[in-house]
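Structure first, then comments.
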């Protein structure tokens, strides 16, 4: 450690300061990687398909083709619920995304969660509470959010569907989020765009989802070249 002694003559002080300034000028700047965080469940994972056919992989390829330099970090677990994702959020945000030793920061989060909650008949109040907490954790880190809505399975009844589907636009408005009305828009209920389970998209189904996402990303200026 350098010790600067008050009694040094003025010239020595100038020399020492000059050396310090020169050293600081030579420190290279660390470039920050633009990274999109894909949060979700099996719809984000691309369940039943090769990883290259999932929407995060297809979206990253599409971004590159259009001249956008972004990496996508996939933070999904198949079968996950809003409660499960919430329980992982601190780990997700404090691991690579905001590590003191990493130059990577999340430029954007794409949030699509809640489908499994509906299939399991979870309380709409609890689903809303969990997603609200997820959004607040992301906003506390100043991460912009593209928030995708979901629809309830028809067999759960009209009243449940009404309460469940109201969660997504309500939170989008309350937190001023960029909102995608329905993640599976143009894909749901189309046999040729879904796998045999009629829930998870095929590669061709994800092509449509990625096109929908790209339009929102560009129209809302969530990505830059």
Exercise. Tell me which of these residue 158 doesn't satisfy, since it passes every other one: (1) under 21 Å from residue 37 (Cα atoms); (2) at pLDDT 95 or above.
Key: (1)
Exercise. Could you tell me which numbered condition residue 85 fails, if it satisfies all but one of (1) surrounded by fewer than 21 Cβ atoms within 10 Å (Cβ to Cβ); (2) in a helix (DSSP H, G or I); (3) at pLDDT 95 or above?
Key: (1)
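Residue-by-condition table, conditions (1) out of contact with any helix residue (DSSP H, G or I) (no Cβ under 9 Å at 6 or more places or on another chain); (2) surrounded by 14 or more Cβ atoms within 10 Å (Cβ to Cβ); (3) on the phi < 0 side of the Ramachandran plot:
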site	(1), (2), (3)
147	no, yes, yes
150	no, yes, yes
160	no, yes, yes
167	no, yes, yes
175	no, yes, yes
200	no, yes, yes
206	no, yes, yes
216	yes, yes, yes
225	yes, no, yes
Self-check item: Search result, residues across the stretch 29-59 that are part of a helix (DSSP H, G or I) and over 21 Å from residue 149 (Cα atoms)
Solution: 51, 52, 53
Quiz item: Would a scan of the stretch 169-186 turn up a residue that is more than 18 Å from the chain's Cα centre (by Cα), more than 28 Å from residue 92 (Cβ to Cβ) and modelled with pLDDT of 95 or more?
Solution: yes
Quiz item: Within the stretch 166-210, can you find the residues that are assigned to a helix (DSSP H, G or I), touching a residue at least 40 places away in the same chain (Cβ under 8 Å) and closer than 22 Å to residue 46 by Cβ?
Solution: 168, 203, 206, 207, 209, 210
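The values are calculated or read from the model by the stated rules, or taken from the named source; none is laboratory data. None of these values were measured; they are calculated from a predicted model. Note that each Cβ is placed from the backbone with ideal geometry, even for glycine, and that neighbours are counted across all protein chains shown.
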